[in-house]
Amino acid sequence: MDYNSKISTQIRELPRSGIRDFFELVIGRSDVISLGVGEPDKPTPWPIREAAIRSLEKGQTSYTSNLGLESLRIAISGYVENQFRTSYDPKKEILVTVGVSEALDIAFRAMLNPGDEVIYHEPCYVSYSPSIKMAYGVPVVVETREENKFALMAADVEKAITPKTKVIALNFPTNPTGGVMPPEELEKIAALAVKHDLLVFTDEIYCELLYDNQQHKSIVEYPGMRERTVLLHGFSKAFAMTGWRLGYACAPAPLIEAMMKVHQYCMLCAPILSQVAGIEALKMGASAYEDMRQSYEQRRNVIVSRLNGMGLHCFNPGGAFYVFPEIRSTGLTSKEFAIGLLEKKSVAVVPGTAFGAAGEGFVRCCYATAPELIVKAMDLMEEFVNEVRK
């Protein structure tokens with residue numbers, strides 16, 4: 001049978017995730033130090049796990065409302081108001097999803113018509129372009145550059161706007177660069193969204209993980225933005241809950257209703273155990289992640305210093321838990337560098353091209369791993385760099 005002819009053209013032409021491809025290479029190899037997959041090295045805080053255990057012991061194993069447990073939505077409403085200084089009605093403006101990835105996917109599917117354009121920035125998380133294409137939208141890339149600290153410049157966004165533009169998608173702090181948005185640029189992009197009557201999807205998954213005493217500001221906080229913004233957030237990164245698959249979307253009721261229609265047919269609801277755990281996470285708030293955040297900042301300082309010291313120029317990221325060193329001086333492409341480092345030194349990083357064409361010449365290293373392993377990985381990487389340059 002010709003299986004290619006049976007598979008949707010839309011799906012057949014999608015690339016596999018470059019992150020997961022390298023993750024698969026590492027699975028089962030105990031000798032590899034992985035700086036590849038972006039997840040905390042610590043387990044979910046015990047009180048959060050304990051809440052889920054108690055829920056299971058009580059027999060709470062049912063479906064929930066499509067929107068999610070009302071108690072969780074109330075907790076999300078309070079957390080978001082405190083974090084983003086914006087209020088949402090938990091009864092009709094909050095949708096609990098299976099991770100932020102689902103929230104992003106159904107936002108595109110609920111809002112886009114075939115041919116609608118979505119402006120997003122690269123290098124960026126791998127799912128943006130495929131999610132837009134699967135919703136029959138048209139991805140429009142705006143590159144971010146190290147000279148701007150990988151922030152998105154409003155002037156570049158303005159040049160990309162056409163009569164077909166419907167959405168601007170943002171993810172700051174950004175995976176893979178760790179770039180953050182200067183408030184003055186965010187304000188200009190907000191003004192563009194209002195001027196051109198655009199929607200904005202803002203993925204805030206790393207917003208708690210900021211360094212150097214920075215304060216996070218979301219685009220939803222600017223005048224005229226609440227009515228046109230879908231705020232996406234979740235529990236995976238700050239609360240070390242990657243495997244719980246729990247996220248949420250906050251938006252005006254008509255947009256949430258549209259997203260809920262897709263959600264109820266493809267996913268129904270997020271697992272009740274994860275939702276109960278999420279309530280406890282929000283009760284804990286910063287106490288669940290502040291020690292981790294401070295540890296990440298220390299690790300960032302170490303890894304940036306080591307990379308620059310071995311001659312791989314590395315931007316000092318302001319958030320998330322990734323560094324994005326430039327490897328052009330080795331004469332290797334991003335993929336050649338990543339494969340060579342894995343094969344010769346058993347250290348896993350992700351080629352920058354996994355995050356778009358703008359990532360060529362860079363690799364992503366995740367420093368949410370044990371400090372002693374970071375040091376060892378840097379020693380091995382320095383050996384590899386020196387050998388390549390001989």
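Go through segment 88-105 and give me each residue that's among the aliphatic types (A, V, I, L, M) and within 13 Å of Leu67 (Cα to Cα). Step through it out loud before you land on a result.
Initial filter on segment 88-105 (among the aliphatic types (A, V, I, L, M)): 94-96, 98, 100, 103-104.
Once the filter is applied, which keeps residues that are among the aliphatic types (A, V, I, L, M) and within 13 Å of Leu67 (Cα to Cα), segment 88-105 yields Ile94, Leu95, Val96, Val98, Ala103.
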inquiry  = Just the residues that are more than 27 Å from Pro47 (Cα to Cα) and in contact (Cβ under 8 Å) with a residue 60 or more places away in the chain, please, taken from segment 210-230.
reply    = Asp212, Gln214, Ser218, Val220, Glu221, Arg226, Val230
inquiry  = Please pick out the residue among Glu93, Glu117 that is in contact (Cβ under 8 Å) with a residue 40 or more places away in the chain, open to solvent by 10 Å² or more (accessible area, probe 1.4 Å) and within 16 Å of Leu170 (Cβ to Cβ).
reply    = Glu117
query = Out of all the residues in segment 185-217, which are part of a loop (DSSP other than H, G, I, E, B) and either under 11 Å from Arg228 (Cβ atoms) or charged (D, E, K, R) (or both)?
reply = His196, Asp197, Leu198, Glu204, Glu208, Asp212, Lys217
inquiry  = Would you confirm, using the coordinates I've provided, whether Val32 is open to solvent by less than 40 Å² (accessible area, probe 1.4 Å), farther than 21 Å from Ser236 by Cβ and of a type outside the set (Phe, Trp, Tyr)?
reply    = yes
ask   = Hey, does segment 297-310 have a residue that's among the polar types (S, T, N, Q), open to solvent by less than 40 Å² (accessible area, probe 1.4 Å) and part of a helix (DSSP H, G or I)?
value = no
Strands (runs of 3 or more DSSP E) completely within segment 69-173 that count 2 or more residues being among the hydrophobic types (A, V, I, L, M, F, W, C) and under 22 Å from His196 (Cα atoms) = 117-122, 138-143, 165-171
request  = Would you check if there is a residue in segment 216-223 being open to solvent by 60 Å² or more (accessible area, probe 1.4 Å) and either within 15 Å of Leu170 (Cβ to Cβ) or among the aromatic types (Phe, Trp, Tyr) (or both)?
outcome  = yes
Segment 128-150 - residue that is closer than 23 Å to Pro325 by Cα and in contact with a helix residue (DSSP H, G or I) (Cβ under 6 Å, 6 or more places away or on another chain) and, of those, least open to solvent (accessible area, probe 1.4 Å) = Val142
task = State the number of residues belonging to segment 1-24 that are open to solvent by 90 Å² or more (accessible area, probe 1.4 Å), of a type in the set (D, E, K, R) and in a helix (DSSP H, G or I).
result = 4
ask   = How many residues are crowded, with 24+ Cβ neighbours inside 10 Å and touching a residue at least 40 places away in the same chain (Cβ under 8 Å) if we restrict to segment 352-368?
value = 8
query = Hey, among Cys207, Cys124, which residue is more than 24 Å from His313 (Cα to Cα) and within 20 Å of the chain's Cα centre (by Cα)?
reply = Cys207
ask   = Can you pull out the residues in segment 333-390 that are at pLDDT below 95, outside any helix (DSSP H, G or I) and of a type in the set (D, E, K, R)?
value = Lys390
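Listed here are the residues, each with its yes/no results for (1) open to solvent by less than 10 Å² (accessible area, probe 1.4 Å); (2) out of contact with any Ser or Thr (no Cβ under 9 Å at 6 or more places or on another chain).
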| site | (1), (2) |
| --- | --- |
| Gly247 | yes, no |
| Pro252 | no, no |
| Met259 | yes, no |
| Cys269 | no, no |
| Gln275 | yes, no |
| Leu282 | no, yes |
| Asp291 | no, yes |
remark   = Per the list (1) under 28 Å from Asp212 (Cα atoms); (2) of a type outside the set (Gly, Ala, Ser); (3) in a helix (DSSP H, G or I); (4) open to solvent by 10 Å² or more (accessible area, probe 1.4 Å), residue check on His313 breaks on (3)
inquiry  = Going by what's in this entry, would Ile27 be described as closer than 30 Å to Glu343 by Cβ and open to solvent by 60 Å² or more (accessible area, probe 1.4 Å)?
reply    = yes
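The values are calculated or read from the model by the stated rules, or taken from the named source; none is laboratory data. In this text, all values refer to a predicted model and were calculated from it rather than measured experimentally. Quick reminder, even Gly has a Cβ in these numbers, built from the backbone with ideal geometry, and neighbours come from all protein chains shown. Each accessible area value is taken on the protein alone, full model and side chains, heavy atoms only, with ligands, DNA and RNA left out. Shrake-Rupley method; radii C 1.70, N 1.55, O 1.52, S 1.80 Å.
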